[in-house]
C-alpha cells in the first residue's frame, strides 16, 4: 500500500487502469460466449448468465457497450461479442483524484528516524517533543506492524515521562 500511495501521489492521482472483471483472457471470454450462445439462442442477452458477474453489473456493461439488453443472444453479432469480451477483460478506466472521503488509508514517509532517540522516542531536534506511530518514517509490507510500533513507542514515551 505504501509503495502504491507514493506512486499515486507522484501521478497526482490521475492515471489509467486496466480492469479484468472476470479473470479470463478475451479469447476465453469469447469462447464462453460462443458456447452459451449455441446452447441458449432464444434467451435475451440481458437475462443471460454467461459470466460470474451480478445481473446489475452485466446490464450496466451491456449499456456501456451499447448492446441492447432485450436482444436475443442468437442475434448478437461477432463485433458486439468482441466489444463485450474486451470490456469484461480489458476495460480501460481513467482515475482522476482520490476516493469520496479524500483520504488515504496508508501513510508513508514522516519524521526521519535519525532525528529520534529510540530509547525515549524524544525528538533530537525539538526537546520535549515525543513522537510515535505513523508520524515516523516507518513502513512495513504486512499489516499490524504500525499498530505494534505505535504501542511500543507509546510505552517507551510513558516510561520516559514517568521518570521525569
Next item on the list: Work out the FRET efficiency for residue 115 and residue 93 from their Cβ-Cβ distance, taking R0 = 41 Å, and round it to the nearest 0.05.
Entry: 0.50
Next item on the list: Specify the residue with the greatest mean-square fluctuation among 11, 96, 38, computed from a Gaussian network of the chain linking alpha-carbon atoms under 10 Å apart.
Entry: 38
Next item on the list: Specify whether the C-alpha gyration tensor of the chain places it in the rounded, prolate or oblate class, a ≥ b ≥ c being the square roots of the eigenvalues: rounded for a/c under 1.5, otherwise prolate if a/b is larger than b/c and oblate if not.
Entry: prolate
Checklist line | Helix-only [θ]222 nm of the chain, DSSP H runs n ≥ 4, -39500 (n - 2.57) each, per residue, nearest 500 | finding: -12500 deg cm²/dmol
Item checked: Neighbour-count order for 150, 89, fewest beta carbons within 10 angstrom listed first -> 150, 89
Next item on the list: Would you kindly state how much longer the chain becomes between residue 17 and residue 149 on full extension, computed as 0.36 nm times their sequence separation minus their alpha carbon distance, in nm to one decimal?
Entry: 44.2 nm
Check: Shape call for the range 113-163 from the C-alpha gyration tensor, a ≥ b ≥ c root eigenvalues: rounded (a/c under 1.5), prolate (a/b greater than b/c) or oblate?
Finding: oblate
Next item on the list: For a footprinting-style exposure proxy, rank 163, 121, 91, 81 by other Cβ within 10 Å, fewest first.
Entry: 163, 91, 81, 121
Next item on the list: May I ask you to sort 57, 130 by Cβ crowding, counting other Cβ atoms within 10 Å and putting the fewest first?
Entry: 57, 130
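Bear in mind these aren't lab numbers, they're just calculated from the coordinates by the rules spelled out. What you see is a predicted model; the values in this text were computed from it and never measured. Cβ sites come from the backbone with ideal geometry, for glycine too, and all protein chains shown count toward neighbours.
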